[in-house]
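One structure is given below, encoded as structure tokens.
The values are calculated or read from the model by the stated rules, or taken from the named source; none is laboratory data. Being a predicted model, the structure only gives us computed values, none of them experimental. All Cβ positions, glycine included, derive from the backbone under ideal geometry; neighbour counts span all protein chains shown.
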Amino acid sequence: MRLSIWRQALSDDEGLTLVEMMVSLVILAMVSSGFAYGLTNAMTATRGDRARIQASNLASREIETLRNEFSASKSAPLEIAADSRVTNPHPLEEEDPPGDPLVLDNMPFTVTRTVEWLTGGVGTSPCDGGTLVTYPSLGVNVRVSWKEGGVERDVETNTVLTPPKGTLATIEGFIAAKVTGADGVTRVPWLPVSLNGDGGSQTRITAADGCAVFALTSPGDYTVSLDQPGYVSIEGTQAISRVETVEPGTIQVLPFSYDKAATIDLEYVFLGSVGGGYAIPDPLSAVTLFNAGLPEMGKREFAGGTATVSGLWPYVDGYSLWAGTCAMNDPAASGGSRGNPLIVPPGETVTGEVQLAPFIVTVRDAADEPVVGEDVIALAEDPAGCQEAEYALGRTDDQGQVQSGLPFGRWTLRSASGEVSAILAANQDEYPLTFSIGGLE
């Protein structure tokens, strides 16, 4: 009896079973993974914090260096203000050329300094104040950027430098370009703006407030221009300019509506759930874009075969588009709707569908038999405004049929066997429609 009890106790003290060992290993792996993940995050955060501290120090260094230069001579404020935007102007080592990235702990940093005349006092954009100039100061923005894990990070710092009295005695007045985007609210920064006039020529960069301010040594007439590739004015042109007369002791602000150009890739499609076999008419239809803000009754036309429409002003309410330029092609002309406008954000490309109304036309002879191999054309019944008033639809197949599509409107479908009138309306319930030419009287 005692031997049995001793053997049972010995059995209870044996090592882990295989199941218990597997459970222990899984728990150990989970704990180790969590620890490694936390350690990795901590190391990443430490690297990110160190880079941010270094960037902040570089920004402070640039501000202090600029402050010393600003006070070095009477001409220094004007010399500093002459370049509205510079990159890496002060290398870390004397032998390094200006403009190269500043490297700390193998991390390259980019220091971008922007200066802007503040003519209406601190805290007020020169483009939003009045025309009278108080004693001007120089607003300075320093942005230090770097890449971390493929993502750009940055820090910014700002200050205001006020020139000593008498330093700006040669400045007679100011002129500013106020650049606003397509939404009418957002300012457009970092754009080069050119000035030409009685006092010479200058080029400046718009600051974060979309404002570029020119200090002038003589009053007179000046032309302010923007001409940046990839951008467009509300008038639809890349280059735009305005002329203004500057009086002594004043600032003249010229507003510009200017933004990144929008692009539409055109794709011709047939309405309805039609399958294959429908032929695009020849020639390819021209395309009309509509927005009430466009000149020429809100419409802009593009020739048939145009695959991409670029250089468009990115209206916030978008563009309506349809096939054809005839007055009758406008979906609203046939009682329909122009559909939901196509919204194209600034600088982006979207695909716009150019809709064709599909139909099947059957050609029959006097015996009501299908006519094979006969050409069918379409003629606009009202050709007003048409770039294309006639289309070739194709040749009848072995069933005497042609499957094609046209812009909205009233058309005459014609072949050697006869003709039929076809009304293709935007508010038609179902497509494709069917038409017959010839056959029994």
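Quick one: is Ala76 in contact with an Asp or Glu (Cβ under 9 Å, 6 or more places away or on another chain) and assigned by TED's automatic domain parsing to the domain that holds Gly200? Here the answer is yes, as Ala76 does meet what is asked. Residues in the range 257-271: is at least one out of contact with any His (no Cβ under 9 Å at 6 or more places or on another chain), over 29 Å from Leu138 (Cα atoms), part of a loop (DSSP other than H, G, I, E, B) and free of Cβ contacts under 8 Å to residues at least 12 places away in the same chain? Looking through the range 257-271, none of the residues is out of contact with any His (no Cβ under 9 Å at 6 or more places or on another chain), over 29 Å from Leu138 (Cα atoms), part of a loop (DSSP other than H, G, I, E, B) and free of Cβ contacts under 8 Å to residues at least 12 places away in the same chain.
Report yes if Glu267 is surrounded by fewer than 19 Cβ atoms within 10 Å (Cβ to Cβ), of a type in the set (Asp, Glu) and under 21 Å from Val344 (Cα atoms), otherwise no. So Glu267 fits the description; yes. Taken together, the criteria place Gly324 among residues that are surrounded by 17 or more Cβ atoms within 10 Å (Cβ to Cβ), of a type in the set (Gly, Ala, Ser) and in the same structural domain as Leu413 (by TED's automatic domain parsing).
Mind checking which residues of the range 152-176 are within 21 Å of Val224 (Cα to Cα), among the hydrophobic types (A, V, I, L, M, F, W, C) and over 35 Å from the mean Cα position of the chain (by Cα)? Of everything in the range 152-176, just one residue is within 21 Å of Val224 (Cα to Cα), among the hydrophobic types (A, V, I, L, M, F, W, C) and over 35 Å from the mean Cα position of the chain (by Cα), namely Ile171.
Does Asn340 satisfy the criteria of being under 21 Å from Leu266 (Cβ atoms), touching a Phe, Trp or Tyr at 6+ places or on another chain (Cβ under 7 Å) and among the polar types (S, T, N, Q)? Spelling it out, it is not the case that Asn340 is under 21 Å from Leu266 (Cβ atoms), touching a Phe, Trp or Tyr at 6+ places or on another chain (Cβ under 7 Å) and among the polar types (S, T, N, Q). Cβ-Cβ below 9 Å, separation at least six or inter-chain, first residue in the range 55-81 and closer than 26 Å to Glu148 by Cα, second acidic (Asp, Glu) and surrounded by 13 or more Cβ atoms within 10 Å (Cβ to Cβ): which pairs? Close Cβ pairs (under 9 Å, with a partner that is acidic (Asp, Glu) and surrounded by 13 or more Cβ atoms within 10 Å (Cβ to Cβ)) amount to Ala55/Asp154; Ala59/Glu156. Within the range 220-256, take every residue that is hydroxyl-bearing (Ser, Thr, Tyr) and part of a strand (DSSP E or B) and give me the one that is nearest to the chain's Cα centre (by Cα). Among them, the one singled out is Tyr231. Of everything listed in (1) buried (at least 17 other Cβ atoms within 10 Å of the Cβ); (2) under 26 Å from the mean Cα position of the chain (by Cα); (3) not in a strand (DSSP E or B), the single unmet condition for Val193 is (3).
Out of curiosity, is Ala366 in contact with a Leu (Cβ under 8 Å, 6 or more places away or on another chain) and assigned to a loop (DSSP other than H, G, I, E, B)? Taking the combined requirement at face value, the residue satisfies it. Picking from residues in the range 273-285 that are touching a strand residue (DSSP E or B) at 6+ places or on another chain (Cβ under 6 Å), not in a strand (DSSP E or B) and not β-branched (Val, Ile, Thr), the one that is farthest from Asp183 (Cα to Cα) is Gly277. Residues in the range 361-377 include none that are surrounded by 14 or more Cβ atoms within 10 Å (Cβ to Cβ) and closer than 21 Å to Pro331 by Cα. Residues in the range 86-105 that are in a strand (DSSP E or B) and either closer than 23 Å to Thr170 by Cβ or of a type in the set (Gly, Ala, Ser) (or both): 1 in all.
The number of residues in the range 386-400 that are touching a residue at least 24 places away in the same chain (Cβ under 8 Å) and farther than 16 Å from Leu284 by Cα comes to 5.
Output the residues belonging to the range 67-95 that are in contact with a helix residue (DSSP H, G or I) (Cβ under 7 Å, 6 or more places away or on another chain) and closer than 22 Å to Lys165 by Cα. The answer is Glu69, Phe70, Ala76, Pro77, Ile80. For the residues Ser125, Ser145, the requirement of being at pLDDT 90 or above, surrounded by 16 or more Cβ atoms within 10 Å (Cβ to Cβ) and in the same structural domain as Ala176 (by TED's automatic domain parsing) singles out Ser145.
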